[in-house]
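First comes the structure, then the notes that go with it.
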Amino acid sequence: METAGSYTETIQSIVMPMKIEGSANISDVFSIFHDGGIVRCHEENGSLLLEVEIQYLAERISPAFRKFAVLLEDITPFSLQKGLFLEERS
């Protein structure tokens, strides 16, 4: 998990914020990121920030981009297990 400062900086640096609601729409968003990897996550006050690195897709929006920030709000408790969804990076 990252520090609160980096969480706040990431939230403030989001370039094209959009609100996506409904399970089908949320599912579509996550299917877009299937080639990417979660490089950072931070949970704070019932919200979860995921940074998804997927350079080729981010560059289609702007050549300077390399990842996406996904903010999930009002989440219920959960856990992620390494090897199941997260890759262990050396």
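The values are calculated or read from the model by the stated rules, or taken from the named source; none is laboratory data. Keep in mind it's a predicted model, so treat the numbers as computed, not measured. Cβ: placed from backbone, ideal geometry, glycine included. Neighbour counts: every protein chain shown.
Would you call F30 loosely packed, with under 15 Cβ neighbours inside 10 Å, aromatic (F, W, Y), on the phi < 0 side of the Ramachandran plot and modelled with pLDDT of 70 or more?
yes
Suppose we keep only residues that are modelled with pLDDT of 85 or more and aromatic (F, W, Y) within the range 35-85. Which one would you say is nearest to M16 (Cα to Cα)?
Step by step, filter the range 35-85, then rank; the result is F68.
Within the range 16-39, which residues are in contact with a Phe, Trp or Tyr (Cβ under 9 Å, 6 or more places away or on another chain) and charged (D, E, K, R)?
Across the range 16-39, the qualifying residue is only D35.
Can you pull out every residue in the range 37-67 that is in contact with an Asp or Glu (Cβ under 9 Å, 6 or more places away or on another chain), closer than 17 Å to E9 by Cβ and of a type in the set (A, V, I, L, M)?
Selection gives V39, L48, L49.
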